[in-house]
Amino acid sequence: MIDSIDRKILHHVQANNQLTGAELSELVGLSATSIQRRLARMRADKIIEADVAIVAPAALGRPLTMLVSVELARERSDIIDRFKRAVRDRPEVMSAYYITGETDFLLIVSARDMADYESFTREFFYNNPDIKGFKTAVAMDRIKTGFQVPTGDQKISTGRD
């Protein structure tokens, strides 16, 4: 279970995972040793799932981002599990969600250009008999990217401040 101090640590670490123990100590009001102990516990308990860097896709020659909704041909656990494994194995798939509603999955896919994306769709979607169909939306602008989960310790901006 996490307490209010853990929430403060999580708030700051989500905003900047490069903060040192000493910097977090100043921000949270706890010794650097206690901060490190709490961080280690939260990592061991999988409260902190990963230390990640958000990389600009264009910097790696992959400026296109596609949001792809996928509908499976049948709703069977073996088909769902097989599709989940296939998604995890594809580096082009940046994020994937098993969802409710009209479709079964929502994928966020990175591509170099439209020809690259078409090649991906032919190989990954068209050659998979478990897929009934998919729809693609091309992102025109990346407005916000991140994995920050609200901790309850931050001020919510209304845009009128």
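In this entry, ASP6 is excluded by the filter for residues that are in a loop (DSSP other than H, G, I, E, B) and farther than 30 Å from ASP104 by Cβ. Working only within the stretch 78-110, note down all residues that are surrounded by 12 or more Cβ atoms within 10 Å (Cβ to Cβ) and not in a strand (DSSP E or B). Matches in the stretch 78-110: ILE79, ILE80, ARG82, PHE83, LYS84, ALA86, VAL87, ARG90, GLU92, ILE99, THR103, ASP104.
Put simply, of ALA40, ALA50 the only residue that is small (Gly, Ala, Ser) and not in a helix (DSSP H, G or I) is ALA50. A count restricted to the stretch 1-14 and to residues that are surrounded by fewer than 12 Cβ atoms within 10 Å (Cβ to Cβ) and among the hydrophobic types (A, V, I, L, M, F, W, C) stands at 1.
Given ALA86, ALA73, ALA44, which one is over 27 Å from ASP141 (Cβ atoms), modelled with pLDDT under 95, of a type outside the set (Val, Ile, Thr) and in contact with a helix residue (DSSP H, G or I) (Cβ under 8 Å, 6 or more places away or on another chain)?
Within the list ALA86, ALA73, ALA44, the selection yields ALA73.
Scanning the stretch 9-28 for residues that are in contact (Cβ under 8 Å) with a residue 24 or more places away in the chain and outside any helix (DSSP H, G or I) turns up just one, ASN17. Within the stretch 98-141, the set of residues being among the β-branched types (Val, Ile, Thr) and either closer than 17 Å to ARG74 by Cβ or without any contact (Cβ under 8 Å) to a residue 40 or more places away in the chain (or both) comprises ILE99, THR100, THR103, THR121, ILE131.
The values are calculated or read from the model by the stated rules, or taken from the named source; none is laboratory data. All of these numbers come straight from a predicted model, not from anything done at the bench. Virtual Cβ from ideal backbone geometry, glycine too; neighbours counted across all protein chains shown.
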